[in-house]
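Following: one structure in structure tokens, then a few remarks.
The values are calculated or read from the model by the stated rules, or taken from the named source; none is laboratory data. Since we're looking at a predicted model, the values are computed, not measured. With ligands, DNA and RNA removed, areas are computed over all heavy atoms of the protein, side chains included. Shrake-Rupley method; radii C 1.70, N 1.55, O 1.52, S 1.80 Å.
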Amino acid sequence: MAAPREAPERRPFGRRFLTDPARLFQHNAWDNVEWSEEQEASARSKVQENSSQLLPQDKQEEYEVNAKRYWDDFYKIHENGFFKDRHWLFTEFPELAPNRNPSQNGDSVREFSNKEESNNEGLGSCENGHCSLETRAENQLNLIKSTSKICTEELATQKYSERNQSDGDYPGSSASYRILEVGCGAGNTVFPILQTNNDPGLFVYCCDFSTTAVDLVQNNAEYDSSRCFAFVHDLCNDQSPFPMPDVSLDVVILIFVLSAILPEKMQCIVNRLSRLLKPGGMILLRDYGRYDLAQLRFKKGQCLSDNFYLRGDGTRVYFFTQDELDDLFTTAGLEKIQNLVDRRLQVNRGKQMTMYRVWIQCKYRKPAAPQL
């Protein structure tokens, strides 16, 4: 069944019209590009075609059971080379920056700075079905493998949770502003926050399904255990503990992570993350939107269910609509501050290739506690 067409929220900036095709390859990207009826119909047709043959159920179950192994393999292969540090975070999400202003109008979002994006041939590159906002990082992290650490990481987190939360003593318990990034990968969000935000009251938690990814974060020279706590966590396991108690976080960050989860498990996960927020705390999300380039490139036989696909490396990805995300967050008791579609035209100048990207960006807030 084809998805209904959505009207994107308008941004107050940066809309550009491609009036001169000869100039197309002189630039890297156009923000907030409007799609024609023909483009949308073509994208819908491609999705219908690549969804017509589903992966057999026994194979789907195999990829669910072995999901952690596939993400570990991904980070062992790429280390931090697949993503670029997300310095655009502070433009799109000022809640993460020094002198933050959480009351800033969430519907007024500024344009990504092209200075923060590489202009090399990897712009908007897709590798094995992974289409990233960022390109290859210049700085390499040193991956130090520790077998004993891999075996004990989750146990250590559980001990923190069980032993210390009861008396209010947990990592970051003395902080005045606490941020959690879920699905931290190699730290391409965490480290820009730590480097940029020198608020002495800041504490950043970060977790990932992949032990290899968490090792990359912990072994980075920028990792500071007095300001950051990285831990392995399985979002899909509601018995997997967090090191901090409920109602303790100011911000939860979800960047290209919710899309990697089995769709039927998403609501329980959002509910649980919502419980971690203080009244007035926010979830910040950026993820794949319906008809993104990555979705259109899948072939028959890679579809698991509607708009949910298997990549060639065994990892999985879902492509959202605004309404789907709104339902997830409002069902969890959060109120919408921002929910917009970012449609972009990116150009690979080296290969003379155009690429249409679709992302969704959201901010949802936990209502303030009622006044007694």
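Descriptive notes on the structure:
- Rounded if a/c under 1.5, otherwise prolate or oblate - the stretch 290-350, Cα gyration tensor axes: oblate
- Surface exposure of the stretch 245-365, expressed per residue as accessible area with a 1.4 Å probe, stands at 30 Å².
- Rolling a 1.4 Å probe over the protein heavy atoms of the stretch 183-270, with every protein chain left in place, gives an accessible area that is 48 percent carbon and sulfur.
- Pairs from Lys59/Lys265; Lys300/Lys363; Lys299/Lys336; Lys59/Lys363; Lys265/Lys336 whose Cα-Cα separation, in the structure shown, is over 28 Å: Lys300/Lys363; Lys299/Lys336; Lys59/Lys363
- Extended-chain gain in nm, criterion 0.36 nm per residue less alpha-carbon gap, Gln195 and Gln53: 46.5 nm
- Accessible area per residue in Å² at 1.4 Å probe, computed on the stretch 179-230: 25
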